[in-house]
Structures are given as C-alpha cells and as structure tokens.
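The values are calculated or read from the model by the stated rules, or taken from the named source; none is laboratory data. The shown structure was predicted, so the numbers you read here are calculated from the model rather than taken from an experiment. Counting neighbours? That spans all protein chains shown, and the Cβs are built from the backbone with ideal geometry, glycine included.
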C-alpha cells in the first residue's frame, strides 16, 4: 500500500448482494460477503479488510444490529468505510448512523451500497454498484452516503423506488 492509498474497511450486513441459491431449499438465503470476490474479479489493487456484522435480509436487521455496526465503525481505526447492505432498509441504517454519530464518526467517510440482484448472478448490478461506491468512498469528504445506481445520495435525500428498481432523490419521485 502506498502512502497515498487508504485502507478500506468493509462491514457486511448481508442483503441481496450476498444472497446465494440453496438447491435443497429452492430459495435464496444470505451467504458469505461477496464484496471480496467482486474486488478480486475486478483486479482491484486496494488494501481492504472485510468484517461481517450480520448476514441478514435487510428487512430482518434490528436496532441491535445497527448498534453493532455503529460500534464497529467507532472501533475501526480506518477512516474509509464501505458498508454492504440490503436495499430495503439501507436508508434506515444510513440515517441511524447519521443520527447517532459522534466526533469519531464525523471524521470518517462512510458509503453504504447494495444491489437489486445477487452478486453471483451474471447480470447483477453488484459489481457496478460496488465499484461506483468504492470511487465515491475515495473521492468524498467525510460524511455518510449511499451509492446506488450511479448516484451518490445523503440519507435524508433518497428513497428506494421499488417499481423502478432504483434509488432516487426524494424530489424525483
């Protein structure tokens, strides 16, 4: 790692991005974090560390899970944090971090990202979203952001448009 390159801390919470198909169950379940595979397949030369906070569909994420994430963000020495998260409650978690931030969080750049299709799908939006989020993470000032569908949002300005399968600024809906 060069002196100008930041180490990226990745916290994984599960969500569609990490879903895998289990034949015996004929359904998808949240599996291991896929972001490391995305980085490897893209040939990225970044230094990163992945920590799994939970492996849940975002509709199952609790306030306790969000608090565990907040504590992990506070505890990490890294200032650049990528959070993989399910899309249904990504904005809730981003707002939670914003509402509960203290000076240790205010000095960090945090980007939440997910996907509409599992990373293991050939036509998944996960590689693009993760790559875009990584660029946003490295180029943005300290703060809390959501990077989805080629746009960067702040927690209070974005909503998931389920019909369009996109994240949009609130003013665009």
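Residues are listed down the side, and each one gets a yes or a no for (1) part of a helix (DSSP H, G or I); (2) free of Cβ contacts under 8 Å to residues at least 12 places away in the same chain; (3) under 20 Å from residue 49 (Cβ atoms):
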position	(1), (2), (3)
77	no, yes, yes
81	no, no, yes
111	no, no, yes
138	yes, no, yes
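Among residues of the range 156-173 that are in a loop (DSSP other than H, G, I, E, B), those with a beta-carbon under 6 Å from a residue that is surrounded by 12 or more Cβ atoms within 10 Å (Cβ to Cβ) and at pLDDT below 85 at least six positions away or on a different chain give the pairs 165/116. Of all positions in the range 93-109, at least one carries a residue that is touching a residue at least 40 places away in the same chain (Cβ under 8 Å), over 17 Å from residue 15 (Cβ atoms) and either surrounded by 15 or more Cβ atoms within 10 Å (Cβ to Cβ) or in contact with a helix residue (DSSP H, G or I) (Cβ under 9 Å, 6 or more places away or on another chain) (or both). Number of residues in the range 33-66 that are in contact with a strand residue (DSSP E or B) (Cβ under 7 Å, 6 or more places away or on another chain), over 23 Å from residue 132 (Cα atoms) and assigned to a helix (DSSP H, G or I) equals 1. Condition test on residue 20, is it part of a strand (DSSP E or B) and either modelled with pLDDT of 85 or more or within 24 Å of residue 117 (Cβ to Cβ) (or both)? Considered against the rule, which asks whether it is part of a strand (DSSP E or B) and either modelled with pLDDT of 85 or more or within 24 Å of residue 117 (Cβ to Cβ) (or both), residue 20 comes out as yes.
Kindly evaluate residue 69 against the criterion of being at pLDDT 95 or above, assigned to a helix (DSSP H, G or I), touching a strand residue (DSSP E or B) at 6+ places or on another chain (Cβ under 9 Å) and within 17 Å of residue 14 (Cα to Cα). Yes; evaluated as a whole, the condition is true for this residue. With respect to the stated conditions, residue 133 fails to be in contact with a strand residue (DSSP E or B) (Cβ under 9 Å, 6 or more places away or on another chain), in contact (Cβ under 8 Å) with a residue 60 or more places away in the chain and in a helix (DSSP H, G or I).
Of the residues 142, 155, which single one is surrounded by fewer than 16 Cβ atoms within 10 Å (Cβ to Cβ) and in contact with a strand residue (DSSP E or B) (Cβ under 8 Å, 6 or more places away or on another chain)? After applying the criteria, what remains is 142.
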